[in-house]
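Student: First the structure, then my questions, so here it is.
Nothing in this text is a laboratory measurement; each read-out follows from the coordinates by a stated rule. Everything quoted here is computed from the prediction, not taken from an experiment. Quick reminder, even Gly has a Cβ in these numbers, built from the backbone with ideal geometry, and neighbours come from all protein chains shown.
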Amino acid sequence: MSGVATTPAAADGSRLDVMNFLNEIAGQYPAAVSFASGRPAEQFFRLDEWLGRVPAYVRHEAQQRQCGVAEAFNTLAQYGRTNGIINGLIARQIALDEGIDCPAGQILVTGGCQEALDLLLTGLCRHEDDVVLVRSPCYIGLTGVADMNRIELAPFSCDDTAVAAALRQTVSAVEARGKRPRLLYLVPDFDNPTGAVLTRAVREELIAFCAARAIVIVEDNPYGMFRYEGERVPSMYALDRHGCVVYLGTYSKTICPALRVGYAAVPARMFGDAQAGKVLIDRLSQAKSFVSVNTSQLTQAVVGALLLSEDGSLSRLVAGPRELYRRNRDLMLAHLAATFADLRGQVGWNTPEGGFFLTLTLPFVFKRREAEICANDYGVLVMPLSFFALGDEEDCRVRLAFSNVTPELIADGVARLGRFVRDALRRPGFSSHS
Ligand SMILES: Cc1ncc(COP(=O)(O)O)c(C=O)c1O
């Protein structure tokens, strides 16, 4: 286990640059093979068909509310309820697909999961001593929200099996400085960027520890429905008996990102207190009413219509994409194995059981400069893990996204990476620490 020192909010914006880097580099090298961004596969988008289902949702609404269809259409076009309109359908979907038991009234529909992250961090960390605990490397969307709001992050870096021990150590260090560990952020299923999954034992250990210390766990789960093999691990929300886990979901990966529909599911009894769950959902709702007023009712209606036509579950809808992602992962693994067969002692990678990403470990430093060389000279875009790191511990790893590339591009992109690695190893001064 290696710890990472507490990092004050990156007020200089250095971490905030990363999203721009990704967008800029993709724009600058349109012909390059991109393993850089975790976009869902476009071939499964059926936007014209999905939009055509909105009237079916409106008819359902009219029936529920016992009003005319024209009135239900007008309600949809009007400003809407801040907490959302498809909360009941979401509650049913996560019950069916994730085994999560959360009352519809404890669900806040948000503008993607990103808005939920923002509302939770700013809603829970209101005191300057409040600190957010994160594993490093960490999803940029979360660290960005903390930085934008000058909320302090306490990162720790450790093996997937040693998370609880690393957390205990970090909490002690934070408390010793007179600060308050307020929230632990985790992506327990197919983490972005590492692809890692936390075992049930680790999840239970973390819940017990956080419950005893009144630390809220924010479980972010965009990739959980994309498991290709192995046994499913229950979500932390489903395992939690203390009311310390807030669950965040999104339809960006299961349906499409343009919807901007996500949600936060807040326990009814937070830390065993029947009032606290309501206080938190009301606080998040109040904040949202001054940020985005309400999540687009049109796109909520698309989600609602799909859930209605799928009998409440997304499992049929994701079956096709999941099979494609599994094939892409297998193909990428096969090309890595072939390309780096003679370098197996030096170049390594993980085999994620699901999700959109795998990580490649190189025998030399690979950071922003190397990513630019790869893009410029070799025509392949990848994300260094140093972009997600909160310390210096991620010098040599690279995230490869396999979700939105064709088999031909996987072959071509890995070959390009192979050429880059071989050239780098041949070049004196490149192979250790550039
Ligand atoms: C871990 C994680 N959380 C949240 C999000 C944001 O999702 P949304 O599109 O719902 O804002 C992403 C998107 O890539 C993600 O990887």
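Student: Which residue, ASN350, ASN328, ASN20, has the most motion in a Gaussian network model of the chain that connects Cα atoms within less than 10 Å?
Tutor: Greatest mean-square fluctuation among the candidates belongs to ASN20.
Student: Give me the base-10 log of I(q)/I(0) for region 255-325 at each q in 0.28 Å⁻¹, Debye formula, one uniform scatterer per Cα, rounded to two decimals.
Tutor: -1.16
Student: Right, something else. Between ARG427 and MET148, what is the FRET efficiency for a Förster distance of 45 Å, r being their Cβ-Cβ separation, to the nearest 0.05?
Tutor: 0.70
Student: Using a Förster distance of 45 Å, how high is the FRET efficiency between ALA337 and ARG213, based on the Cβ-Cβ distance and rounded to 0.05?
Tutor: It comes out at approximately 0.55.
Student: Along its three principal axes, how long is region 130-198 when you only count alpha carbons? Whole Å, largest extent first please.
Tutor: 33, 28, 14
Student: Which lysines does LYS288 reach when only Cα atoms under 17 Å apart count, and residues fewer than 8 places away in its own chain are ignored?
Tutor: Leaving aside lysines fewer than 8 places away in the same chain, those within reach of LYS288 are LYS278.
Student: Which residue fluctuates most in the GNM of the chain (Cα springs below 10 Å): PRO407, PRO137, PRO222?
Tutor: Result for the chain, Cα springs under 10 Å: PRO407 fluctuates most.
Student: Find, among the trypsin sites (Lys or Arg not before Pro) in region 318-414, those assigned to loop by DSSP (not H, G, I, E, B) with at most 16 other beta-carbon atoms within 10 angstrom.
Tutor: Of the trypsin sites (Lys or Arg not before Pro), the ones in loops of region 318-414 whose Cβ has at most 16 other Cβ atoms within 10 Å are ARG344.
Student: Among the chymotrypsin sites (Phe, Trp or Tyr not before Pro) within region 46-130, which fall in a DSSP loop and have no more than 13 other Cβ atoms within 10 Å of their own Cβ?
Tutor: Here the chymotrypsin sites (Phe, Trp or Tyr not before Pro) that fit, given the DSSP loop and packing criteria, are TYR79.
Student: So what is the 222 nm mean residue ellipticity for the chain from helices alone, if each DSSP H run of at least 4 adds -39500 (n - 2.57) and you divide by all residues, rounding to the nearest 500 deg cm²/dmol?
Tutor: -13000 deg cm²/dmol, from helical runs alone.
Student: Determine, for each peptide in 333-342, 194-203, 81-90, the mean count of other beta carbons within 10 angstrom over its residues, then list the peptides with the highest first.
Tutor: The peptides rank, most packed first, as 81-90, 194-203, 333-342.
Student: If you don't mind, there's one more thing I want to ask. Rounded to two decimals, what ratio of Rg to Rh does region 197-304 give with C-alpha atoms and a Kirkwood Rh?
Tutor: Across region 197-304, the Cα-based Rg/Rh ratio is 1.01.
Student: Under DSSP H, which helices of the chain have Cα atoms covering 27 Å or more of the helix axis and a Kyte-Doolittle average no less than -0.5?
Tutor: Once both thresholds are applied, what remains is 315-339, 407-426.
Student: A follow-up question, please. What is the distance, in nm, between label points placed 7 Å from the Cα along the Cα-to-Cβ direction at ASP273 and at ARG316?
Tutor: Result: 4.4 nm between the two label points.
Student: Going through region 120-214, which GluC sites (Glu not before Pro) have at most 13 other Cβ atoms within 10 Å and a DSSP loop state?
Tutor: Within region 120-214, the qualifying GluC sites (Glu not before Pro) (loop, at most 13 other Cβ atoms within 10 Å) are GLU128.
Student: Looking at region 75-229, I'd like the Rg to Rh ratio, where Rg is from alpha-carbon atoms and Rh is Kirkwood's inverse mean 1/r.
Tutor: Over the Cα atoms of region 75-229, Rg/Rh equals 0.98.
Student: What do you get when you divide the Cα radius of gyration of the chain by 2.2 N^0.38 Å, with N the number of residues?
Tutor: Its radius of gyration relative to the 2.2 N^0.38 Å reference: 0.99.
Student: Sticking with this structure for a sec: For region 201-256, restrict the atom set to alpha-carbon positions and state the Rg and Dmax in Å.
Tutor: 12.6, 38
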